[in-house]
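Bear in mind that the values in this text are calculations on the coordinates, not laboratory data. Please read all numbers here as calculations on a predicted model, not as lab measurements. Glycine also receives a Cβ, built like all others from the backbone with ideal geometry; neighbour counts cover every protein chain displayed.
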Amino acid sequence: MHDLEHKVAVITGAAGGIGRGMAETFAGAGMRVVLSDVEEAALRSTTAELRADGAEVHAVVADVSVADDVSSLAESVLRKYGAVHVLCNNAGVHTGSRPSWQSTLDDWAWILGVNLMGVVHGTRVFLPVMIEQNEDAHIVNTASMAGLLTGGSLYGATKTAVVSLSETVHLELVEGGWKPRISVLCPGLVDTRIYLSGRNRPSRFPDVGPTPSGWSVDEARRAFKEYGVAPRVVGEQVLQAIREERFYVLTHPEYGEHIQHRTRQILAGENPTLLPPPGA
Ligand SMILES: NC(=O)c1ccc[n+]([C@@H]2O[C@H](COP(=O)([O-])OP(=O)(O)OC[C@H]3O[C@@H](n4cnc5c(N)ncnc54)[C@H](O)[C@@H]3O)[C@@H](O)[C@H]2O)c1
């Protein structure tokens, strides 16, 4: 998709982090951007800040895990702009216990609902509209490097599913001769607030599994700041992938060795082992 000026982009999880990075980048490219998020106050302030910078933005509160919310989001977008050209199924959360079987059913319901069903809802609602429009259009699903590597626990399970679903949709679009294209975004560490995902955990999922011992919130904040890439950089990489109609969007090439390690173990019939993170 080459001509992006004035085109309409919808981004879920756009109030902060990677979603906001994409929103800023798309607005900078002259697109009209629909920011959607479950976190109302953050959505309001991000919308105001982007508008103050001259962006054409529309904001819609929606919980991507709720099918009706995503349908209402689409109705609002079509009422406002009459079309949709780019959809970023980006909202996501992180949870999970170690060992993984100690995670509760509420942990599973929440993370599957947002990370996987959010993408399913977005695709089911928006892709038929894009196909019907019969114009260039593009979906970007945010998975993770955890969707390509060994051992990502509940989070990795949802992101592996997003990679697989995105590959399927790509094949279906190409084989069916439909115009929309799709990409799967697989970032490594990005400087966002994902380590505070619990802020958006709905009260209907109260049963939290034992928290894995690891980083404190302060340590996580420091690590994400120090080692994470800026969300805006990811936004630029996504924009370029849309222009090039490139499916796999890997923001951290240094993980290539880890992907090869996993593939080699699968082909050699070896049991999975972990390589240390890049730079460790
Ligand atoms: N930060 C990283 O290192 C990293 C790495 C790989 C993949 N990701 C993925 O990137 C995506 C964005 O995460 P981020 O890192 O920017 O984190 P973030 O927490 O900064 O942003 C996520 C956004 O999603 C929103 N959100 C949460 N639940 C929602 C729901 N049910 N409906 C709608 N919106 C909801 C949040 O309010 C927030 O604005 C996620 O899918 C995440 O899994 C992040």
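For this structure, a couple of remarks:
- Selected residue [among the small types (Gly, Ala, Ser) and either touching a Pro at 6+ places or on another chain (Cβ under 7 Å) or under 30 Å from VAL33 (Cα atoms) (or both)] from GLY279, GLY256, GLY188, GLY269: GLY188
- Scan of region 221-258 for residues that are within 15 Å of the ligand (Cβ to nearest atom), polar (S, T, N, Q) and in a helix (DSSP H, G or I), ordered by number: GLN237
- Residue in region 160-181 that is part of a strand (DSSP E or B), among the aliphatic types (A, V, I, L, M), within 16 Å of the ligand (Cβ to nearest atom) and surrounded by 18 or more Cβ atoms within 10 Å (Cβ to Cβ) present: no
- Whichever residue in region 104-123 is among the aliphatic types (A, V, I, L, M) and farther than 11 Å from GLY92 by Cβ and, among such residues, is farthest from the ligand (Cβ to nearest atom): LEU105
- Pairs are defined by a Cβ separation below 7 Å, a sequence spacing of at least 6 or placement on different chains, a first member in region 146-173 that is under 22 Å from PRO253 (Cα atoms), and a second member that is within 12 Å of the ligand (Cβ to nearest atom) and basic (Lys, Arg); the pairs so defined are ALA146/LYS159; GLY147/LYS159; GLY152/LYS159.
- Output for region 5-32, where each listed residue is of a type in the set (Val, Ile, Thr) and within 16 Å of VAL234 (Cβ to Cβ): ILE11, THR12, ILE18, THR25
- Verdict on VAL208 being outside any helix (DSSP H, G or I) and either of a type in the set (Asp, Glu) or in contact with a Gly (Cβ under 9 Å, 6 or more places away or on another chain) (or both): yes
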